[in-house]
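Structure, as structure tokens:
The values are calculated or read from the model by the stated rules, or taken from the named source; none is laboratory data. Keep in mind that this is a model prediction, so the values were computed, not measured. So basically every Cβ, Gly included, is an ideal-geometry build from the backbone, and we count neighbours across all protein chains shown.
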Amino acid sequence: MFPAYIENPQNCSFAGQDRDEKILLLLRAHPITNLSWIILAIFLFFLPFLLPRILTLVNFDLSFIPASFRLVFLLINYLLVLIIVFEGFLFWYFNVYIVTNKNIVDIDFHSLLFRNIDVAPLRNVEDVSSSMGGILQALFHYGDVFVQTAGASKSVDFHKVPRPHQVADFILDQAQKKSGGN
């Protein structure tokens, strides 16, 4: 439905893309990285059902709280769940890493009103490395890719992407093609 690793995506474009620039690889963080906000949202969703039972176990009576206050608490709780899910999904979906036939593009989505786009030409790529550390990263095969570029431009980092070693190799191959190497 929403893949995190797409080679040669169709009907995709990004701000600043040249007419003759073709997207070769589109990456997002691995879907398992969403687990933290999903678990929090599920816990908060069921909290109104669990809290009265827990409080009665410790002999705390909620009957003195008016029903209207309980309704307001319920509404605030579910609005919070909605905000967590909406923000978590947007952050995951719109933080993308793109490799084109000309550039490497890192689009960082910070909020609805702010995003940061870093572009590094493939011809400036000097070194590409990848790392996977920890049980979850080894189990689900995701990690980080670090692209060092020449000149004043800073390095481009792809965080928590699927198949990091394959991505690093792909970027290095494209950079060598761009520079005329084998």
> Going by the conditions given, is residue 130 among the hydroxyl-bearing types (Ser, Thr, Tyr) and within 25 Å of residue 90 (Cα to Cα)?
Replying inline: no
>> Take the conditions under 29 Å from residue 23 (Cα atoms), buried (at least 16 other Cβ atoms within 10 Å of the Cβ), without any contact (Cβ under 8 Å) to a residue 24 or more places away in the chain and under 17 Å from the mean Cα position of the chain (by Cα) and apply them to residue 91. Does it pass?
In response: yes
> Quick check, is residue 68 within 22 Å of the chain's Cα centre (by Cα), more than 30 Å from residue 121 (Cβ to Cβ) and either assigned by TED's automatic domain parsing to the domain that holds residue 173 or small (Gly, Ala, Ser) (or both)?
Replying inline: no
>> Any residue at all in the stretch 25-40 that's surrounded by fewer than 15 Cβ atoms within 10 Å (Cβ to Cβ), touching a residue at least 40 places away in the same chain (Cβ under 8 Å) and in contact with a strand residue (DSSP E or B) (Cβ under 7 Å, 6 or more places away or on another chain)?
In response: no
> Does the stretch 83-116 hold any residues that are in contact with a helix residue (DSSP H, G or I) (Cβ under 9 Å, 6 or more places away or on another chain), in a helix (DSSP H, G or I) and of a type outside the set (A, V, I, L, M, F, W, C), and which are they?
Replying inline: 87, 88
> If you check every pair at least six apart or on different chains, which have Cβ atoms under 8 Å apart with a residue in the stretch 54-82 that is of a type in the set (S, T, N, Q) first and a residue that is part of a helix (DSSP H, G or I) second?
Replying inline: 77/44; 77/47; 77/48
> Just checking, how many residues over the stretch 117-152 are assigned to a loop (DSSP other than H, G, I, E, B), loosely packed, with under 13 Cβ neighbours inside 10 Å and not aliphatic (A, V, I, L, M)?
Replying inline: 3
> Does residue 24 fit the bill of being within 22 Å of residue 162 (Cβ to Cβ) and in contact with a Ser or Thr (Cβ under 8 Å, 6 or more places away or on another chain)?
Replying inline: yes
> Between a first residue in the stretch 122-150 that is more than 19 Å from residue 4 (Cβ to Cβ) and a second residue that is buried (at least 18 other Cβ atoms within 10 Å of the Cβ) and among the acidic types (Asp, Glu), which pairs have beta carbons less than 9 Å apart while being 6 or more apart in sequence or on different chains?
Replying inline: 129/144
> Within the stretch 96-111, is even one residue within 22 Å of residue 42 (Cβ to Cβ), buried (at least 18 other Cβ atoms within 10 Å of the Cβ), in contact (Cβ under 8 Å) with a residue 40 or more places away in the chain and hydrophobic (A, V, I, L, M, F, W, C)?
Replying inline: no
